[in-house]
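Working notes for the structure below.
Nothing in this text is a laboratory measurement; each read-out follows from the coordinates by a stated rule. Bear in mind that the values here come from a model prediction, so they are computed numbers and not experimental data. Note that we place each Cβ from the backbone using ideal geometry, even for glycine, and neighbour counts take in every protein chain shown.
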Amino acid sequence: MRKRVAILISGRGSNMAALLAATRDPAYPAEIVLVLSNRADAGGLAVAGAAGVPTAVVEHRRFGADRAAHEAAIDAALHDAGVELVCLAGYMRLLTPFLVQRWAGRMLNIHPSLLPAFPGTNTHGRALAAGVKLHGCTVHLVTEAVDDGPILAQAAVPVLAGDDEAALADRILVQEHLIYPLALHNLATGTAGAAAAPTASLLNPLPGHGDVP
Ligand code: GRF
């Protein structure tokens, strides 16, 4: 049986699209049964709708400061759809312990840095300011601390001379779209631990230096 997955988004949803593409392979061990957003104007909703995936909007603004009520509404939508795993993909709300605990071990997030470096926002700007030579992305299980939790997959890319935030973000996004489907695959098949297929990669090597195995 394929695992029933929901994706939570707030924006354009390119990682969502990568997950949707992966699940089109009938051999992939998960299917996307719901795309849910806290914003009605999230671009990814139209992409999901065009792909025939059910969508839902649970606008946080409707709930004011009542985060618990907002998350209870999300949780209800997830249960109504028979969801087994949740992927956060550019979902721009901090979660309370309520939703984190409900989905402990079953909720993933993708973050645009090599955690534990650069949790939080503006990761690419901070990486450039720090002068790091390697940057990347991480898929991890969601725990109560922000951008923390067991790491399921990572990919590293070099920071090149002349990079600005946009160039770095573009290079990393290519890798995000590879490691998120890989991490979800491993979690869905129960091989996310020691027995997992490789989930670390060093990609986009420096020009002229050949491929890094
Ligand atoms: C990605 O960079 C992801 O790592 C971060 O938010 C961004 C979402 O982009 N959490 P998209 O909506 O998936 O295109």
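Once the Cα atoms are used to define both axes, helix 67-80 deviates from the longest principal axis of the chain by about 80 degrees. Listed peptides 3-14, 150-161 appear in the order 3-14, 150-161 once ranked by packing, highest mean of other Cβ atoms within 10 Å at the front.
Relative to the longest principal axis of the Cα atoms of the chain, the long axis of helix 165-188 lies at roughly 60 degrees. For the chain, the calculated P(r), taken from all Cα-Cα distances in 10 Å bins from zero up to the bin holding the longest distance, is 8, 34, 36, 18, 3, 0 percent. Note on the stretch 75-126: semi-axes of the ellipsoid equivalent to its C-alpha gyration tensor, largest first and rounded to whole Å, are 25, 10, 10.
About its Cα centre, the dipole of the stretch 12-169 is roughly 120 debye, where the only charges are +1 on Lys and Arg Cβ and -1 on Asp and Glu Cβ. How far is helix 14-23 tilted, in degrees, relative to the longest principal axis of the Cα atoms in the chain, given as a value from 0 to 90 rounded to the nearest 10? Taking the Cα atoms of the chain, the angle to 14-23 is about 80 degrees.
Scoring 111-117, 16-22 by mean Cβ neighbours within 10 Å over their residues and listing the highest first yields 16-22, 111-117. Taking the centroid of alpha carbons for each part, the stretch 1-41 and the stretch 54-102 are 15 Å apart.
Overall, the stretch 1-90 carries a charge dipole of about 180 debye about its Cα centre when +1 sits on the Cβ of Lys and Arg and -1 on the Cβ of Asp and Glu, all other atoms neutral.
Could you quote the convex hull projected area for the stretch 1-85, Cα atoms only and averaged over all directions, in nm²?
5.3 nm²
When the Cα positions of THR138, VAL58, ASN186 are compared along the charge dipole of the chain, VAL58 comes out farthest toward the positive end, with charges on each C-beta of Lys, Arg, Asp and Glu.
Annotation: amide H-H contacts under 5 Å for GLY90 (H modelled 1.01 Å from N, sequence separation of 5 or more, or interchain): ILE110.
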